[in-house]
Every structure is written in structure tokens, then in C-alpha cells.
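Each remark here refers to the structure printed beneath this line.
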Amino acid sequence: MGNRAKGFYLIAMFALILLTALCIQQKFYLKIDLTTVYVCYLLIGFSNLFVTSKGLTWDKIVGWSFVAYSAGIPLYSLTDGGLEAFLGTKMYYNEVYDAVTVCESVFYCALFLASFYFAYYLFLPDSPKKPKREAAPAPDPEGIGYDYFYSKHFIHFWLLGSLGLYLLGMYKIDYLSAVSIGYDLDNSGYVFLFTAVYAVDIGILILLRMTRFDKRYLALSGMIHLPLFPLGIRQLTLTFILELWLLHKFTNPQRTVKGRELLLGGMFLLLFGFIGMVRGGGDSSVNVLSLFKAPLEFYFYETTFNYISFLKCLDLFKEHTVSFLYGKTLIDPLFEQIPSLILPNKEDFQFFERFVVQYESIENLKPVGTAHLLTELYVNGGAVSVILFAFLLGFTAKALQGKLQNTLARNGMVGQIIFAAVIPFVMIQLNRGGLSVLLKLSFQFAVLPMWIVILFRLRLKPQFVMLKDKLIRFRPEH
């Protein structure tokens, strides 16, 4: 991106921040058509195409995933429920929300995106030179102080322990019973199960990268994920597929996508939708149209379910005198990490959950417990909270972009594994929970893989390596 283009883009985003904030303050959503606002919002979401570099960049990862998770409800309104009726998602948006409330929510989405892009590009280096890509290192490089033999054994033991946790989770949820009644997140067994699946996936990603994608480990992953399908759990498998694709793309950036890979991806989408259709008691007869509608139904239901909570909070704050929380929920995830044995009253620090309980009698805030990101930002401080957090997210994404570029330029195995593991969770989970969920997931799905990779690359002290060589070289013969 040239310096002049960057300057114009920054001015445009700053003007949009001021203009959108003014529109919200002056209640322009009462006067402006929803279609106009929605089209402008989509243009903002994809505007980084004109200034960003090609390929996978963090402004696209955050910006486009945010747009994707905010697209459903306005489309329901613009089609007057026709899209909902066609897909059969049964969100019943029109029982509570009118076009005015939806239009107001789109203004907040535009405010978030404009603030994020402005912060991201503000500190992006001017006209960065693209680093030359180095040749990919061998799976077991010489002379760098790592012993991959023992590291590989560590990952195998890691997988063994994860499989034990996996079986414990299956036992605690009573798998056969869960298949018939569906999964219940109040059951602690699902915590063990989800954690175990993610731990297995990280181990398999490491082994795949180290062994140049040995298919045996893919078979092991399939054995882990297939039992989840009858439970109706598809997000974990979808995430692992994205992780695997990213890791392969990072390792082979020049390789183009083949037709059979696109066909395989389409078949997976149809399979995911079909599973959801069967689990949800869909059409009694499966035909071609329902099979193709099922993935769209899965997408729109997943993306609009949490967004509804934001609309409910907009109505709540407009119709009643409700005070903001002013950032109190930022400490929620800190106390949630403390075991109940140490802090038995940690529920007293769950300010967002207490907010939900306090006002649920006035406005049915379900499913605020798994709210869209904007919901909790709005509850904490309205437009000011939305702008501040978007700025923070923009700075963070800019820092990650520099790390990603260096990783791809050096063909760094560790960096490729970490980014392949983290990016899909950012894309999928960014709008599936409030600040508490997002911060917890940042630890679980970013810090945890880093520790696993650090343990995987066991560094041997040079003197022990030399001692080992001498013992082998000068061992007396008998």
C-alpha cells in the first residue's frame, strides 16, 4: 500500500468514525433507510481490499469475520422474513425487532469496523518491503540444538494423555444418552471433551508439519472427530479443517487450490449441513434443495443467534433507565480462571452474567450469555466502549500482522503451527461470545498452543549434545 493511499484511507476511516457516531447521537437510524446503511456497512467491511496487501492479513481476518457474523439479521429484515422462511432457521426476528432497531445496530457495526481499520492502518509501516521467502527447512534440521526424536515422543505422550481426557469426557456425558437427547453444556463432561479434542488437534498439527503431512495422523484425527457428529457438534471439526488448510497453505504458499480440493470442501459443507438438518429434525424427506439449503441454514443460524442479544440490549437501554457497567466485565475472565475451592464466591465477580439476571425480567436477554461481541461492549459503555475496544483490537492485529509476515518469510515451523491454530478460532469465535469468552479463548487457543510448541521443541544444552557424540564416537569395543 502506498503512503498516499494509506493517508486517504486513514482520513476516510476517521471521517466515518465521526459521521457514524454523529448519526447514532442524532438518531439518524429513525430517518435513514436500512438498505442504504447496510450497503454502506458492507462497503466499509470490504474496503481494505483497496489498500491492503494480497493474501491473508489480520485486517481481513478480523474485519471480514466480523462482517460475516453481522450479516444475517439485516438480511432477515430486508427480505421481510423471506430469507428466514426459505431457510427455515426459525429465529423469529420479527416478534421483537423492527427495522429501526436493526438499522441502529448496523450503525454500531460500522462504527466498530471503521475504528478497527483506523487503528490497524495508523501504525502500519509505510510501504513495507516484502521480505524474501527463504527455502523451507528440512523436517529434522541439523545443528540448531533441537532433538526432534525426543520432541516427537513428547507429542505422542501428549496425544496419549489427551485421548485419556477424551474418553473421560465421553464417559461423563454418557455418550449414548447424549446422542439421543443432544448435548448439554451444563454437563462438565463437555468441558473435558472439548479440551481433549483441541489438545489432540494441536498435537496432530505439530506432527503433520514435522512429518510433511503424514496421512496416518489425519486418520487419527478422523477417529477423534467422527464420534462428535452424532452429538451435533460441528464447530470443532470445522475449525480443525480450517487449521489444517491454513497450515498446508503456510507450508506451501505457491501451491494453487486444485479442483478436487474444492470438491472435497463442498462435500464437507454439505455433510455439516446434513448433520445439522438431521439433528434439528428438519424436512422429513431429504431432497437436493434441502441438502444445499442445510449449510446456509447452519451458517445463518450460528451467526445470527448471538447477534439477537445486541438488538435486545438496544431495546432495553432505549426503553428503560439502565446504567452502563463501565468496563467491569473485563475482570470476569480473571476470576473465572480461579478454582472454586480457592474462590468459592467468584460468581460475585461475573458482572455481565449478573447484568443478564438483573434485567431478564424486563427484556428476555437470552441468548445474551453467549452474546455477540458488540453486546457486551455496548453494555459496558455504549459507543465509547465500542470505539476503545476496536482501537485496541486494531493495534493488536497490526502487531500480529508483523509476526505473521516474519513467520511466512522464514518458513518458521513454530510460527506456522501457532498461527494455523489461532486464526480459525479468531474467525469463528470473535462474535460468538462477550469479552469474557473472547479473553478466555485468547488464553486457551493462543497461549496454550505456544506452551505446547515450546515443550515440543525441547532444547538440548550443547555440552550434552557433545557428550553424547563423544560417547558414541569413542565407545570402546569389546
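Computed from the coordinates by the stated procedures, all read-outs in this text should not be read as laboratory data. Predicted model, so just to flag it, every value in this text is computed and none were measured. Using ideal geometry, Cβ is built from the backbone for each residue, glycine included, and neighbour counts are taken over all protein chains shown.
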Just round it to a whole percent: the fraction of Cα-Cα distances in the stretch 5-97 exceeding 22 Å.
43 percent
At what distance in nm do the modelled label points of Thr195 and His320 sit from each other, each positioned 7 Å from its Cα along Cα→Cβ?
3.6 nm
What does the highest-first list of 235-244, 220-229 look like by mean Cβ count within 10 Å?
235-244, 220-229
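Peptides 205-214, 344-353: what's the order by average Cβ count within 10 Å, highest mean first?
Values: 205-214: 18.6, 344-353: 15.3.
Packing proxy ranking, top to bottom: 205-214, 344-353.
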Would you mind getting the Kirkwood hydrodynamic radius of the stretch 287-353 from its Cα pairs, rounded to one decimal in Å?
15.6 Å
In the stretch 1-66, which chymotrypsin sites (Phe, Trp or Tyr not before Pro) are in a loop and have at most 16 other Cβ atoms within 10 Å, using DSSP for the loop call?
Phe46
Going down the table (Lys27/Lys318; Lys90/Lys293; Lys54/Lys249; Lys328/Lys398), which pairs top 18 Å between alpha carbons?
Lys328/Lys398
Trypsin sites (Lys or Arg not before Pro) within the stretch 1-96: DSSP coil, no more than 13 neighbouring Cβ in 10 Å:
Lys27, Lys31, Lys54, Lys90
With r as the distance between the Cβ atoms of Ile342 and Met223 and R0 = 51 Å, compute the FRET efficiency 1/(1 + (r/R0)^6) and round to 0.05.
0.85
Separation of the Val179 and Asn406 label points, Cα + 7 Å toward Cβ, nm:
4.9 nm
